[in-house]
Structure formats: structure tokens, C-alpha cells
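In what follows, a structure is listed as C-alpha cells, so that the remarks can point back to it.
The values are calculated or read from the model by the stated rules, or taken from the named source; none is laboratory data. Keep in mind the model is a prediction, meaning the values are calculated, not measured. Every residue, glycine as well, gets a Cβ built from its backbone with ideal geometry; the counts of neighbours run over all protein chains shown. Protein only, heavy atoms only, side chains kept; ligands, DNA and RNA dropped before computing areas. Shrake-Rupley method; radii C 1.70, N 1.55, O 1.52, S 1.80 Å.
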Amino acid sequence: MLLREFKELVDNNEKSISTNDLTEVSRFLNIDIKNGASRVKVAEKFYKNIRGSLNLKVEKSKRGITKVNFKKLQTELIYRHVLYGDDPTKYLRVLKVINDSCRRDFKLFKDFNNKKAWGEAIINAKNYNYFSPNTHTILFNDIRKDFPKEYDIASSNKKLIEKGCDIAIEKSEFKINDGLEKVVQELDEKVKIYGGISLAKSIFNSFIKNKVYSKRFERYFITRTSSGLSFNQKPQIPFGYLLNLAIKYPTENNKLKNRQKHLNEIVDLATIITNAVYGVQHYSIWESIFQTGDTIIKFAIDIALWDSIFTIPQCRPKTAQKITSEIFKFVDDTVFEKHFNVSKEHFNCIIQTIDKTANKNGPTIIYFSTIVKELKTLEKTVILDVLNLLSHQSKTNSDYLLPSDYTKIDFFLKPLIKQGNTKFLLIDKTWSSSNYFEAIATKLRESDKNLDGKIGMQLEVLLQNTLSKNNISFSTGEYCIDGIDGECDLLLESKDAIILIEFKKKVLTRKSKSGIDINILLDLSESLLSAQIQAGRTEIYLKEKGQIELTTRGGKKELISLNDRQIERVALTQLEFGGFQDRIVVKNFLSALLTHSFGTYSKEKPIINKFDKLNELQKKWIEQYDILLKLDEHFVKNPFFNCWFMSLPQLLEIVNLSNDNNSFYELFRKNKHVTMNTLDWYREFDTATKMIYKNNSN
């Protein structure tokens, strides 16, 4: 056990100085003080001594302690302090000095078996703390201030123990051996008693009250709240988790006594469960910035689970309707009517009427009679058939209990929940809007196995048409350079930049949203990485040749010249990838692919084949990186600063605010140099463009 070994080393090695006088300590460290003593030089010497003692040069034959595992000692000390009352202060002070001294270019610590080296390092750390007692001060009664995230996770686990869970600490992490299912069932039962509609109303009302809803984007800004003062944070309410539980029980219980008390118990219990079991909430603004290849997998899992726990899939209703109506234009009218017993035009009219009838926020009961009154020219039976087709006929999310059960979520398949023969529930317009698309696609896939490929083509057409309507010109087509064929999905030019957009229809799967690392890696490789490599190939040719000739599907040729302009590369997806589409996250993931390779223990042939493809993509990624290093002297400073990962709805928000290519690029780059660390593109774009939006509105 690493912690036990570390504590023994700390207990067996004491400081070797008895004064904190600057001159005396300088002499002790053999620092030249002819020109005066310096506290900075003393600190640097202590730190240098620690690095010299502990640094294990990376060799295949040597095994040491990774920085990740070493930092876990700090976490375990906090866990044991909260659970058992242990006093960790002297160990934490030593850890703080060692971690601080070994930040730069430090990959492996020597093994704890090397007692001489560790003894020297610990003595230097204790000497430093004696010399500078206020630098790494830790108070027993105020430990949470220094370690709020670890403290809160431990406190949540302690509450689960009090509720009967059997929890142990293994390898510096909590392991729940037994009892969690009982606690989760208790939460599920409380939601059932309270009523899912009642719970949803309470949550959406709180969004309005707390000004979480953005009228501009018609969505809820449920974002990470990390800040520079991490001790001000506290466990967030898991709204996504609660709402996915709520739609299991689409009822109201207005007769329940002590409703507020019951609601508080639901929120508190859900918060304890999610914080204890997953602990994925960011407390510090630095958590998303300082990631390496060693930490990227855990970081990616945390992003996926945070999105599943705390927020919900969202889309502006009108954008969702536009995508739904435009995408299926390629489907023949007779084929559509055969599947849906109604024309596409009338089907879209029914969707628009539902949207018009619904409340702006939260649950709405959609009555068949209301839709009939609005659409008097349509046959009643046709309207009812469509409402039924758009509705879950039985229980929704019936097997869902924990956020990691995301594979058991089926709400996304249809927007409505049937409540009676002529009564249907729309839980929320923004949350449900994307489900219309899936309801149609699911039905059409029954007779067309190639549907998704056709949808991908239509998405490109939709974007091109929207660009044209906003006076934004573009190029698209194939090219052949030095005998190598390539394709450019979309190329936009402004006076300052060339924007390369590559479309990938790959979605973030439910397995990824459940936090399964294999699927997260594969989903990101088939969307972000694949598209960036495709755009990277075009960027390289532009920088090598200074120009590129595209041939459109109609045979028209168009020459694009670089002219010393900036190149931006966009990997574009149909649906949102949540926090993964943050620019810092993109940079961390793409950087990790340069230094670390990823494999799988799976014996399933399809997964093995996908990882083989990932490894091939990674080789191409590294090759492109090496080429760009030679082509662009500025590339090495910030190699992926021009790489973006966006969704179609996000890009459409920019397009709809633009009136030509130059204004598009100015809006596009608004988020480029600033981050609020919310990992929410909409909120950050809102902040960056608020003044422009107000002027346009006026």
C-alpha cells in the first residue's frame, strides 16, 4: 500500500535544520552569500535537492511511481481524514512541497523501496516547511479549504455509509462493496411517490427562477461552476440524473403532504449518490487545462459522465424542426406516406403545432383536441396516428437507475409520452426537440439500411443552403495532388482566414455517455480525430503548394490560394458532443495522441478492428504534426490552436448572425482566445457576442 509506505518514510525522517534564519540556512545549503542572502535561492535549492533525489529517468527497465499515483496519496489522506478522523497535516505538507518542486518535466518518481533517496527528499521538504512555515500551511480544522473536492466526495461517501453502504478505500479510491442498490432504489421510490411531472416542473421552475434559461438560445445554461476559489464550490445538483428518473414516472401527486420536504430529500439523496459514486464535478478552473496523456482517459470519462449527470441534450426547437424537415427531403413522398400515413408537409405541420401549443419551459400536456382545432383541414385519424407514432406507448427509461445506466435511456427515441388515448406529455420543448428527428429516422431505417449515409449527405446540403441564404460563399469538392486523392467537404474564405469544415455523422453513443472509456475513445476518433486528419491533409497541401484546386461534383474547377491567411480546421457533427467540444478539451485530446497510444483488452473482433483503425489514424496524426512543424515556424508554440470540434446547431447559430464571409469569420473566432471553463459552447458564445446580438435585435 503506497500510502502506508509513504507515511512510514515521513515518520522516520526528520528535518535537519534547527533555525529558519536566512543566513544560517543559506550556509547550511552551501549557497554563496557574498552578495547577500536570498530566500528565493534557498527555496530553489531545497526544490532542486528534492528533484535530484526523486527523479527517475524514463527507462524501459525501470519502474517507478507515476505523478498521477503519487498525487492520489494526497486524495487518500483526505478520504481517511473525513471517514476516520486521521490527522493528515504533516503528510500533506510534505506532499505539497514535493508536488510543487516536481511540476516541470517530471515523469516518474523513484520507488518507495529507495529509502535513501526518499529520506533525502522528505528531509529537504521538512526543512523547507520549517524555513518557510506559512507557504504550505494546513490546519486540521480547515482542511476542506485546501482540498474541497476530495473532502466533499469523502463526505458524500460517509453519508452513504451512514445509510448502510459497505464502502472501503482501495488504491486511493472509494470502492462500494454493498448497499448502493438499496439507496438508489430509495431515491427511485421517492421520485415515484413525488411524481415525475411534479419533479420536472420543480426543476424547470428553478431554472427560470435562477435565470438558467437563455431566451436568446432557447436552452438552459446548466454548466460547470468551477472558479479560481475552489473552496467556494459545493456539490452541484444532478439535474440530468433527476430528470431522467422523473420521466420514468410521468405523474403528478398534488396530495402529497410536506411536498417541499420530500423534494429536498430527493435532491439531497441524488446529490450524495452522484458525488460519492462518480465525483466528476470540476472544482478548479485548472482541472480542464492541465491534462496529459496519463490523465486524458480519466478526464474524458469525467466529461462524459458530468454531461450525463448534470445536464440534458438540448436544441433550439426551431433549429431542430428545420433540421428534421430539411434532412428528409430526399425521401420520396409516397415512401414517406407509406410509413407515416401522412405527407411530409402535414407531418411537419403537426410538429410545428405541438411546438406552438407547448409551454416555453417544462412539462406540457398536449391534447389531441387542441391539435385538431389548430389543423382543421387534416383528418382526425391522421393527427392521432402521428401523435401516437411520436409517443412512447409504455414506460420510458424503465430500467434506468444510475447515470452510468445511460444505455438504458430510451427517451431520445420519441418526443412525447402517451398519457391516455388522446392525451400526451411533452416534458420540455428544448429537451425533446431533437427526438422528432430520431422518431422519423427510426421508422425509415426499417426499410432503408443506407439511410444514415443519405442523411449525412443531406446535412451537408442543409448547411450549404443556409450559408447561401446568409450571403456566405463556399467551395467544396475533390482534389488530386502528387497522385494522392483527397476531398474537402466545405471551404470558406474570408480576407483573414480559410475555414476547412469536415462533416462526420458520428454521434456520442449511449455507451460513451455511460462513461465507458473504450467507446469514448472510439467515438472521438471516428469524429474529431478523423475529421481533423482530413482537414489537416488539406492544410498541409495549402501550405506546401500555396494553393489547391477543387473539382466539384458537377465537374467545375476552383482554385483556392492561401495568400498568407490563417487556416482554421473544424470537425463538425450532427449532434452535440457536450463538453468534448470545448477548445481546451480538444487541445488536450489531440496533444495526448502525440505522446500516448491506446489499446484494448477486449476480445471482440469489431472493437479490435476499430482500435486498429484508431492506431492507423494516430500514425497519420503524428505524421501530419511532424510535417506542419517544418512548414510553419509558429506551429510548435500552439499546434492545435486552429482545431475546432463543433456541432451543426452551433455552427448554424454563427451562420444565422452573419451576412457575409468576413462577418462569419469574425463571429466564428469570438470564442478562440477566451475560455470561461464552463465547457459549454453556447454560454461562452453568448458572453462573447452579447453586444452584437443586442445591436442586431435593436
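Among the listed pairs Lys48/Lys115; Lys110/Lys171; Lys67/Lys175; Lys48/Lys96; Lys72/Lys182; Lys192/Lys418, which have their C-alpha atoms separated by more than 20 angstrom in this model? Mind showing how you got there, number by number?
On the way: Lys48/Lys115 18 Å; Lys110/Lys171 18 Å; Lys67/Lys175 22 Å; Lys48/Lys96 15 Å; Lys72/Lys182 29 Å; Lys192/Lys418 17 Å.
As for pairs spanning more than 20 Å Cα to Cα, those are Lys67/Lys175; Lys72/Lys182.
Need one number: the % of Cα-Cα pairs in the stretch 514-606 sitting beyond the 19 Å mark. Summing the P(r) of the stretch 514-606 above 19 Å gives 56 percent of all pairs. The trypsin sites (Lys or Arg not before Pro) of the stretch 338-394 that DSSP puts in a loop, and whose beta carbon has at most 16 other beta carbons within 10 Å, are Lys360, Lys376.
Over the stretch 227-378, what per residue volume does the convex hull of the Cα atoms give, in whole Å³? Write down the numbers at each step before the final one.
On the way: hull volume 30.3 nm³, N = 152.
Roughly 200 Å³ of hull volume per residue.
Calculated accessible area for the chain comes out at 47 Å² per residue, all protein chains present (probe 1.4 Å; ligands, DNA, RNA ignored).
Carbon and sulfur together cover what percent of the accessible area of the stretch 87-212 at a 1.4 Å probe radius?
Roughly 45 percent of what the probe reaches on the stretch 87-212 is carbon or sulfur.
When Rg and Dmax are taken over the Cα atoms of the stretch 295-383, they come to 18.3, 60 Å.
What translational D, rounded to a whole number of µm²/s, comes out for the stretch 199-252 from Stokes-Einstein when the hydrodynamic radius is the Kirkwood one over Cα pairs, at 25 °C and 0.890 mPa s? Kindly include the intermediate steps, with their values, before the conclusion.
Numbers: Rh = 12.9 Å.
Translational diffusion coefficient: 190 µm²/s.
Write out the GluC sites (Glu not before Pro) in the stretch 593-698 meeting two conditions: DSSP loop, and at most 14 other Cβ atoms within 10 Å of their Cβ. Write down the numbers at each step before the final one.
Numbers: sites: Glu604, Glu616, Glu623, Glu633, Glu653, Glu666, Glu684; in loops: Glu604, Glu633.
Passing both the DSSP loop test and the Cβ count: Glu604, Glu633.
Across the stretch 379-386, rounded Karplus estimates of 3J(HN,Hα) from the backbone phi angles (6.51 cos²θ - 1.76 cosθ + 1.60, θ = phi - 60°) give 5, 4, 5, 5, 4, 5, 4, 5 Hz, Gly and Pro being marked x.
Would you mind checking the pairs Lys587/Lys630; Lys360/Lys449; Lys449/Lys619; Lys495/Lys690; Lys356/Lys408 and listing those with alpha carbons more than 29 angstrom apart? Display every interim value, and only then the final one.
On the way: Lys587/Lys630 20 Å; Lys360/Lys449 36 Å; Lys449/Lys619 32 Å; Lys495/Lys690 24 Å; Lys356/Lys408 31 Å.
The pairs that break the limit, which is 29 Å between Cα atoms, are Lys360/Lys449; Lys449/Lys619; Lys356/Lys408.
Evaluating kT/(6 pi eta Rh) at 4 °C and 1.567 mPa s, with the Kirkwood radius of the stretch 415-567 over Cα pairs in the Stokes-Einstein relation, gives 70 µm² s⁻¹. Rolling a 1.4 Å probe over the protein chains gives Val40 an accessible area of about 90 Å². For the stretch 185-226, the convex hull drawn through the C-alpha positions has a volume of 100 cubic angstrom per residue.
Could I get the Rg over Rh figure for the stretch 49-121? Both from C-alpha atoms, Rh via Kirkwood, rounded to two places.
Numbers: Rg = 13.1 Å, Rh = 13.1 Å.
A ratio of 1.00.
What number results when the radius of gyration of the stretch 102-217, computed over Cα atoms, is divided by 2.2 N^0.38 Å? If you can, show how the numbers build up before the last one.
Numbers: Rg = 23.3 Å, N = 116, 2.2 N^0.38 = 13.4 Å.
Computed over Cα atoms of the stretch 102-217, the ratio equals 1.74.
Considering only DSSP states other than H, G, I, E and B, which trypsin sites (Lys or Arg not before Pro) in the stretch 432-505 qualify as loop sites with at most 13 other Cβ atoms within 10 Å? Please report the intermediate quantities before stating the final value.
Numbers: sites: Lys443, Arg445, Lys449, Lys454, Lys469, Lys495, Lys504, Lys505; in loops: Lys449, Lys495, Lys505.
Answer in residue order: Lys449, Lys495.
Bridgeable aspartates and glutamates around Lys163 (alpha carbons under 14 Å apart, same-chain partners fewer than 8 residues away excluded): Asp178, Glu181, Glu186, Glu265, Asp268.
In this structure, the amide hydrogen of Leu425, modeled 1.01 Å from its nitrogen in the peptide plane, lies closer than 5 angstrom to those of Ile366, Ile417, Lys418, Gln419, counting only residues at least 5 positions away or on a different chain.
Taking the accessible area of the stretch 449-532, probe 1.4 Å, and keeping the other protein chains in place, the carbon and sulfur fraction comes to 46%.
Semi-axes of the equivalent ellipsoid for the stretch 581-676, computed as √(5λ) from the eigenvalues of its C-alpha gyration tensor and ordered from largest down, come to 31, 19, 12 Å. Cross-link pairs exceeding 23 Å between alpha carbons, from the set Lys454/Lys504; Lys329/Lys376; Lys211/Lys506; Lys513/Lys610; Lys190/Lys511: Lys329/Lys376; Lys211/Lys506; Lys190/Lys511.
Amide hydrogen proximity for Ile567: with H placed 1.01 Å from N in the peptide plane, the residues at 5 or more positions away or on another chain lying under 5 Å are Ile498. Phi angles of the stretch 214-219 translate, via the Karplus equation with coefficients 6.51, -1.76, 1.60 and θ = phi - 60°, into HN-Hα couplings of 9, 5, 4, 9, 6, 8 Hz per residue; Gly and Pro are given as x.
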